[in-house]
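Heads up: the structure comes next, in structure tokens.
Readers should treat all values here as calculations from the given coordinates under stated rules, not as data from a laboratory. Fair warning: this is a prediction, and the values are worked out from it, not measured in the lab. Cβ atoms come from the backbone with ideal geometry, glycine included; neighbour counts cover every protein chain shown.
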Amino acid sequence: MAKDEERLKVIQNIKKSAESGNFNSKVELGDPVITDELREQVIVNFDTLKKKIKNKMNAWASRKVADIATEMVNKTTEIEGMENIEDLHSGAIITCNHFSMFDNTVIRHLMRRIGKEKKLYIIVQETNMLMTGAIGWLMKNCYTIPLSMNSEYIVNNFNPTIKKILDKKGFILIYPEEEMWFNYKRPRTHKIGAYHYACKFDVPVVPCFIEMKETEEVGKDGFYKVDYKLHVLEPIYPNKELEMRARKEDMRQRDYQAKVDLYEKIYGRSIEEKFNVENDIAGW
């Protein structure tokens, strides 16, 4: 079966970005574009904690849909290191590699295994709020919190929401790689946001890394389907002996290095090796 043309274009974008060292760049095709006017309409007053009755109902329904999707996607998913968070008694920031619109179900699967599925929130890009159809509905309602460039929203909505969730011992999934790179196996350099909030609210970061294992079944896009193995690493706590900027950077470096070490152990390849589509794109 021929490989999907759009997928191949995305992989070409990944190749260009990887070879130029732009590991947080956008590679997907046709993503929505947001304007300042749309931010005012859609983002600034977004009901992040689902206080309105209609939004509560949509959140309840969307979680049910997400639960079904989680079961379907993760029938064969393995989890290693779950004991690292079973005794965690505070809120936490979860970080994870980002390679599929369904990879969040792997983290949902983990939360269900430890009985905390109702405590998970996911940070998403503001452009996701403009998506349409079933995926767009889920993006708007399934306990997602858009991250925006609007300072009014950040100060009056986003930051207080993060604090409330963590104060109630909730978990917040943040993708520090920022953009989704289709089936890309390697960990990518991390943005500082996750560690800023971990230090700001004095909570640990739980590094997670999803390993992809090719199956013998070919999907509709012409790529081999993959099974997942989630690696849950030991929580990283803020080093209070450091000043705030250094504290955040320390967490970022420790998280990224933990994922690099794991990647090199799992796949037997150096993070420094040149991009190779057969080795770096799962299911090729």
Across the alpha-carbon set of the chain, Rg over Rh with Rh taken as the Kirkwood radius works out to 0.94
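Given that compact globular proteins tend to follow 2.2 N^0.38 Å, what is the ratio of the alpha-carbon Rg of the stretch 1-98 to that value?
Relative to the rule-of-thumb radius for its length, the stretch 1-98 sits at 1.54.
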When the convex hull of the C-alpha atoms of the stretch 227-284 is computed, what volume per residue in Å³ does it have? 107
GluC sites (Glu not before Pro) within the stretch 207-280, DSSP loop, no more than 16 other Cβ atoms inside 10 Å: GLU241, GLU243, GLU272, GLU273
In the stretch 194-274, what trypsin sites (Lys or Arg not before Pro) fall in a loop by DSSP, with at most 16 other Cβ atoms inside 10 Å? LYS220, LYS240, ARG269, LYS274
The answer for the net charge of residues other than LYS3 whose Cβ lies under 13 angstrom from its Cβ, with Lys and Arg +1 and Asp and Glu -1, is -2
Kindly list the residues of the stretch 105-120 that lie in the label zone of LYS220, defined by a backbone N under 20 Å from the point 7 Å along the Cα-to-C-beta vector. 105
Once the convex hull of the alpha carbons of the stretch 69-160 is built, what does its volume come to per residue, in cubic angstrom? 120
Compute the distance in nm between two label points, each set 7 Å from the Cα along the Cα-to-Cβ direction, one at ASN55 and one at ASN24. 2.7
How big is the shadow of the Cα convex hull of the stretch 5-59, averaged over all directions, in nm²? 6.2
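Pairwise over distinct Cα atoms, reciprocal of the mean inverse distance: report the Kirkwood radius of the stretch 180-284 in Å, one decimal place.
One decimal place: 15.3 Å for the Kirkwood radius.
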Output the antiparallel fraction of DSSP beta bridges having both residues in the chain, as a percent to the nearest 5. 35
Local electrostatic count at LEU29 - Lys and Arg +1, Asp and Glu -1, tallied over other residues with Cβ under 13 Å: -3
Around LYS220, what is the net charge, scoring Lys/Arg as +1 and Asp/Glu as -1 over all other residues with Cβ under 14 Å from its Cβ? -2
When a/c reaches 1.5 or more, the comparison of a/b and b/c decides; with that in mind, is the stretch 126-173 rounded, prolate or oblate per its Cα gyration tensor? oblate
Largest fluctuation, VAL155, VAL124, VAL226 only, Gaussian network model of the chain with Cα springs under 10 angstrom, belongs to VAL155
Residue-averaged 222 nm ellipticity for the chain, from DSSP H runs of 4+ at -39500 (n - 2.57), nearest 500: -11000 deg cm²/dmol
Compactness index (Cα Rg / 2.2 N^0.38 Å), the stretch 185-247: 1.62
List the cysteines in the chain whose Cβ has no other cysteine Cβ under 4.7 Å from it. CYS142, CYS199
The farthest towards the positive end of the charge dipole of the chain, of the residues GLY219, ILE53, ALA246, given +1 on Cβ of Lys and Arg and -1 on Cβ of Asp and Glu, is ILE53
